[in-house]
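The values are calculated or read from the model by the stated rules, or taken from the named source; none is laboratory data. Nothing here was measured: the structure is a model prediction, and the numbers come from that model. Note that each Cβ is placed from the backbone with ideal geometry, even for glycine, and that neighbours are counted across all protein chains shown. Just so you know, the surface numbers come from the protein's heavy atoms only, side chains and all, with ligands and any DNA or RNA stripped out. Shrake-Rupley method; radii C 1.70, N 1.55, O 1.52, S 1.80 Å.
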Amino acid sequence: RRRNREREDLTEMIEDASHYFNLLTKKNYQRLLFKDERIQVQRQDGSIYEVNELSQGTGEQLYVALRFAFIKNATDLLKLPLLIDDGFVNFDAERRSEIFQLLNEISQTNQIIYFTCSSESQKEFSKEQVKVLQ
C-alpha cells in the first residue's frame, strides 16, 4: 500500500509540475516525462527534450514549476510558508505575470511571503497583501 501511495503522490506532483510548466511557458511545453530517472519535457509539437537542452530561461521556469509542485504536494507532510526573495528577477514582464497568477493559485493552500524591491512587482498584489519595509 505504501508503494502505491508513494507512486500516486509522485504522479500527482508530476501532473502539477506539468501544469505549472505549461502555464509558465505559455503552453509551449505540454508536459514533463520521467525516463530512466531523468526529467524530459515535451513541447506542444510533440518534440521531447532533455533538461540540459533547454534555454536558461526555460530551465528556470522548469525549476520553479518543480519547486511549486513539490511544495503543493508536501503539505500533507508539513505545512510551511513559501518564502521567495526576488526569485523571478530574470523573468520578463510576461513571465512574471504568469508567475504571479500561479502564486495566487498556490496561495489558496499555502502562505506565501514574497520579498522584492521592485515597485512593478508590488502592483501585482492588493494593498492589503503588501507591507512596505523601511
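In segment 30-85, Rg over Rh equals 1.05, where Rg is the alpha-carbon radius of gyration and Rh the Kirkwood radius from pairwise Cα distances.
Helix 2-24 and the longest principal axis of the C-alpha atoms of the chain enclose an angle of approximately 60°. At an R0 of 22 angstrom, the distance between the Cβ atoms of R43 and N104 translates into a FRET efficiency of 0.25. Protein heavy-atom surface of segment 1-74, 1.4 angstrom probe: 45% of the accessible area is carbon and sulfur, with nucleic acids and ligands not counted.
Taking 20 Å as the straight-line reach from the Cα of K123, the lysines in range (excluding those fewer than 8 positions away in the same chain) are K131. Taking amide H positions as modeled 1.01 Å from N, with prolines and chain starts lacking one, no residue 5 or more places away or on another chain lies under 5 Å from E124. Computed from the Cβ-Cβ distance with R0 of 25 Å, the FRET efficiency linking K127 to V89 stands at 0.60. Using θ = phi - 60° in the Karplus curve 6.51 cos²θ - 1.76 cosθ + 1.60, the 3J(HN,Hα) couplings for segment 31-45 round to 6, 9, 10, 10, 9, 6, 6, 10, 8, 10, 10, 10, 6, 5, 7 Hz; x is entered for Gly and Pro.
Taking amide H atoms as placed 1.01 Å from N in the peptide plane, the amide H of L33 lies under 5 Å from those of Q40, V41, Q42, each 5 or more residues away in sequence or on another chain. Relative to the current alpha-carbon distance between Q134 and T75, full extension at 0.36 nm per residue lengthens the span by 18.0 nm. Between amide H atoms placed 1.01 Å from N, distances below 5 Å from L82 occur with Q111, I112, I113, all of them 5 or more places distant or on a separate chain. Here the chain is treated with +1 on each Lys and Arg Cβ and -1 on each Asp and Glu Cβ, and its dipole about the Cα centre works out to around 360 debye. Taking E12, E98 and ordering them by how much accessible surface each has at a 1.4 Å probe, largest first, produces E12, E98. Give the percent of DSSP beta bridges with both residues in the chain that are antiparallel, rounded to the nearest 5. Percentage antiparallel, nearest 5: 70. Taking the longest Cα principal axis of the chain as reference, the axis of helix 93-106 is set at about 80 degrees.
Count neighbours as other Cβ atoms within 10 Å of each site's Cβ, and list the trypsin sites (Lys or Arg not before Pro) in segment 91-134 that are DSSP loop with at most 11 such neighbours.
Details: sites: R95, R96, K123, K127, K131; in loops: K123, K131.
Sites meeting the loop and neighbour criteria: K123, K131.
Pairs of Cα atoms under 8 Å, at least six residues apart: use those to get the relative contact order of the chain, whole percent. It would help to have the intermediate numbers written out before the result.
On the way: 124 pairs, mean separation 26.8, N = 134.
Here the relative contact order equals 20 percent.
In terms of its C-alpha gyration tensor, segment 39-134 has an oblate overall shape, because the principal axis ratio a/c (a ≥ b ≥ c, square roots of the eigenvalues) is not below 1.5 and a/b does not outweigh b/c. Among D86, D16, D76, the largest mean-square fluctuation in a Gaussian network model of the chain, built with springs joining Cα atoms closer than 10 Å, belongs to D76. Looking at the chain, the accessible area is 71 square angstrom per residue; that uses a 1.4 Å probe and ignores ligands, DNA and RNA. When only alpha carbons of segment 80-134 are considered, Rg and Dmax amount to 10.9, 29 Å.
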